[in-house]
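The values are calculated or read from the model by the stated rules, or taken from the named source; none is laboratory data. These figures come from a predicted structure and were not determined experimentally. When we count neighbours, we look across all protein chains shown, and the Cβ atoms used for this are built from the backbone with ideal geometry, even at glycine. The protein model used for the area step is the full one, side chains on, heavy atoms only, and it has no ligands, DNA or RNA in it. Shrake-Rupley method; radii C 1.70, N 1.55, O 1.52, S 1.80 Å.
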Amino acid sequence: NAGVTQTPKFRILKIGQSMTLQCTQDMNHNYMYWYRQDPGMGLKLIYYSVGAGITDKGEVPNGYNVSRSTTEDFPLRLELAAPSQTSVYFCASSLDRFLGQAGNTIYFGEGSWLTVV
Amino acid sequence: AQSVTQPDIHITVSEGASLELRCNYSYGATPYLFWYVQSPGQGLQLLLKYFSGDTLVQGIKGFEAEFKRSQSSFNLRKPSVHWSDAAEYFCAVGAGNTGGFKTIFGAGTRLFVKA
């Protein structure tokens, strides 16, 4: 059982470049999330999705875009990369919004380290 | 405002010593509480969670946490720390019916273990 898989694990971008962080989960979860983690800060939610075709902004969406064409995949796109987007990015998923029921919780990928220079 | 505070940025304990990591929260609804551990270069792994019932919850790797509503706290404890426990620990709070997009994470406490 692979869980939540993110690629790439490491990437260096130049200012102004674009890239896509890939995320896939094999648990048939409806809810998927993208977080960023900055030093000394908790995880901040960028975007989330409650099902295929449905996405919504989180706390820090500026400079990012997402899509959810399938249940499994939730890619995060960075347009015009900026140094402020240097961070660690985590994709996550949960079965649905009812955390706590039937063992439902948030499962995280291993993270993607992105540096913008 | 809803928030999670982990007062200690980092803690150092000796191997075999006991550990307590503090977590305080401010949340308008009945909170669901979580502790996650992040080992170097890894994603977050759920240690334990509290939703209801017994306020002392047991988790994986020998960790436990106690929910104290009167103190708005959910401190993580372990009676005897192992070198492999060195990692970053995150406390999180959410509401039961809003999923991860309403889950708030603390800034984390980094645990160092000395021999």
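Here are some notes:
- What the protein assembly as shown shows is 46 Å² of accessible area per residue, with the surface traced by a 1.4 Å probe over protein heavy atoms.
- Three-way shape label, segment B:1-57, alpha-carbon gyration tensor, a/c 1.5: prolate
- Dipole of segment B:11-115, positive direction: furthest Cα of B:Y27, B:L47, B:H82, with charges on the beta-carbon: B:Y27
- Nearest-20 debye value, segment B:1-89 charge dipole, Cβ charges on Lys, Arg, Asp, Glu: 220 debye
- Relative contact order [Cα under 8 Å, 6+ residues apart], segment A:14-109, whole percent: 34 percent
- Check: chain A dipole with +1 on Lys, Arg Cβ and -1 on Asp, Glu Cβ, in debye: 280 debye
- Distance distribution note for the protein assembly as shown: the fraction of Cα pairs above 27 angstrom is 33%.
- Antiparallel bridges, percent of DSSP beta bridges restricted to chain A (to nearest 5): 90 percent
- Computed over the alpha carbons of segment A:49-92, Rg followed by Dmax gives 11.2, 31 Å.
- The alpha carbon centroids of segment A:1-79 and segment B:34-79 are separated by 26 Å.
- Other protein chain C-beta atoms within 10 Å of residue C-beta, averaged over B:46-54: 2.
- At 1.567 mPa s and 4 °C, Stokes D of segment A:2-93 from Kirkwood alpha-carbon radius, µm² per second: 98 µm²/s
- Alpha-carbon gyration tensor eigenvalues x 5, square-rooted, for chain B, Å: 23, 14, 13
- Placing +1 on the Cβ of every Lys and Arg and -1 on the Cβ of every Asp and Glu, with no other charges, gives the protein assembly as shown a dipole of roughly 300 debye about its Cα centre.
- Across segment A:79-96, the residues whose backbone nitrogen lies under 16 Å from the label position 7 Å along the beta-carbon direction of A:Q17 are A:79-87.
- Placing a label point 7 Å from the Cα of B:F51 along the Cα-to-Cβ direction, the residues of segment B:23-38 with a backbone N closer than 16 Å are B:30-35.
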